[in-house]
1. When you scan the stretch 97-107, how many residues do you find that are under 24 Å from Phe140 (Cα atoms) and either out of contact with any Ser or Thr (no Cβ under 7 Å at 6 or more places or on another chain) or part of a loop (DSSP other than H, G, I, E, B) (or both)?
2. Within the bounds of the stretch 111-130, is there any residue that is within 20 Å of Arg54 (Cα to Cα), of a type in the set (Asp, Glu), at pLDDT 95 or above and not in a strand (DSSP E or B)?
3. Could you tell me whether the stretch 83-96 includes any residue that is free of Cβ contacts under 8 Å to residues at least 12 places away in the same chain, open to solvent by 20 Å² or more (accessible area, probe 1.4 Å) and in a helix (DSSP H, G or I)?
4. Does any residue of the stretch 62-78 turn out to be open to solvent by 30 Å² or more (accessible area, probe 1.4 Å) and assigned to a helix (DSSP H, G or I)?
5. Only one of (1) of a type in the set (Val, Ile, Thr); (2) in contact with a helix residue (DSSP H, G or I) (Cβ under 8 Å, 6 or more places away or on another chain); (3) open to solvent by 30 Å² or more (accessible area, probe 1.4 Å); (4) free of Cβ contacts under 8 Å to residues at least 60 places away in the same chain fails for Val41. Which number is that?
6. Is it the case that some residue within the stretch 23-37 is out of contact with any Gly (no Cβ under 8 Å at 6 or more places or on another chain), β-branched (Val, Ile, Thr) and part of a loop (DSSP other than H, G, I, E, B)?
7. Here are the criteria: (1) assigned to a helix (DSSP H, G or I); (2) within 20 Å of Ser31 (Cα to Cα); (3) open to solvent by less than 10 Å² (accessible area, probe 1.4 Å). Tell me which single one Phe138 does not satisfy.
Amino acid sequence: MPPSHSTGPGSLLLVEDNPGDVRLVEEAFKSVGFDTTFHAVSDGDAALEFLRERAATAAGPDIDLVLLDLNLPGTDGFEVLETIRDDPDLASLPVLVLSSSAATEDVLRSYELAANAYLTKPTAPSEFADIGRAVEAFWFDEATLPPVPS
């Protein structure tokens, strides 16, 4: 099933402080031919501000999915995830952790905080297309996403 606004492209918030990884993720989605609207922020505070603005105004951007790095300056990814899950206006938003960490404790904590999935960043830039393909195939083609709160 398409995203919550079924006539348009998927809309994704990428929370990533590494500009190289931002570029790789954006290129990965483009390379698989998926029409994705990207919004990228480089830290946890900016992510929460962006999402709260979205929730507070009907004119704010509709986000279907958040890709969240854990290692962020300031408010880290765990705090962002916890804040999203504690906010009734944001709690149903699908959040996929996309981290370079494969540490068991990071995976466990992410799921304890109700991440929808945990993806480990590929080590080779060419492998980012696999991430784009997997996210598109499952989260935008197969999964039924919650409606955007009004």
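1. From the stretch 97-107, those under 24 Å from Phe140 (Cα atoms) are 97-100, 107; that's our starting set.
In the following step, the residues that additionally are either out of contact with any Ser or Thr (no Cβ under 7 Å at 6 or more places or on another chain) or part of a loop (DSSP other than H, G, I, E, B) (or both) were identified as 98, 100, 107.
Total satisfying the criteria: 3.
2. No, the stretch 111-130 contains no residue that is within 20 Å of Arg54 (Cα to Cα), of a type in the set (Asp, Glu), at pLDDT 95 or above and not in a strand (DSSP E or B).
3. Restricting attention to the stretch 83-96, the residues satisfying the condition of being free of Cβ contacts under 8 Å to residues at least 12 places away in the same chain are 86, 88, 91.
Imposing the further condition that a residue be open to solvent by 20 Å² or more (accessible area, probe 1.4 Å) reduces the set to 86, 88, 91.
Then drop every residue that is not in a helix (DSSP H, G or I), which leaves 86.
Within the stretch 83-96, one or more residues are free of Cβ contacts under 8 Å to residues at least 12 places away in the same chain, open to solvent by 20 Å² or more (accessible area, probe 1.4 Å) and in a helix (DSSP H, G or I).
4. Just the residues of the stretch 62-78 that are open to solvent by 30 Å² or more (accessible area, probe 1.4 Å), to begin with: 62, 71, 73-74, 76.
Applying the additional criterion that residues be assigned to a helix (DSSP H, G or I) yields none.
Among the residues of the stretch 62-78, not one is open to solvent by 30 Å² or more (accessible area, probe 1.4 Å) and assigned to a helix (DSSP H, G or I), which makes the answer no.
5. Tallying (1) of a type in the set (Val, Ile, Thr); (2) in contact with a helix residue (DSSP H, G or I) (Cβ under 8 Å, 6 or more places away or on another chain); (3) open to solvent by 30 Å² or more (accessible area, probe 1.4 Å); (4) free of Cβ contacts under 8 Å to residues at least 60 places away in the same chain, Val41 fails exactly one: (3).
6. There is no residue in the stretch 23-37 that is out of contact with any Gly (no Cβ under 8 Å at 6 or more places or on another chain), β-branched (Val, Ile, Thr) and part of a loop (DSSP other than H, G, I, E, B).
7. Going through the list (1) assigned to a helix (DSSP H, G or I); (2) within 20 Å of Ser31 (Cα to Cα); (3) open to solvent by less than 10 Å² (accessible area, probe 1.4 Å), Phe138 breaks only (3).
This table checks each residue for (1) closer than 25 Å to Phe128 by Cβ; (2) touching a Pro at 6+ places or on another chain (Cβ under 8 Å); (3) modelled with pLDDT under 95.
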position: Asp64; (1), (2), (3): yes, yes, yes
position: Leu68; (1), (2), (3): yes, no, no
position: Asp76; (1), (2), (3): yes, no, no
position: Asp87; (1), (2), (3): no, no, yes
position: Ala91; (1), (2), (3): no, no, yes
position: Val95; (1), (2), (3): yes, no, no
position: Ala102; (1), (2), (3): yes, no, yes
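The values are calculated or read from the model by the stated rules, or taken from the named source; none is laboratory data. In this text, all values refer to a predicted model and were calculated from it rather than measured experimentally. Quick reminder, even Gly has a Cβ in these numbers, built from the backbone with ideal geometry, and neighbours come from all protein chains shown. The protein model used for the area step is the full one, side chains on, heavy atoms only, and it has no ligands, DNA or RNA in it. Shrake-Rupley method; radii C 1.70, N 1.55, O 1.52, S 1.80 Å.
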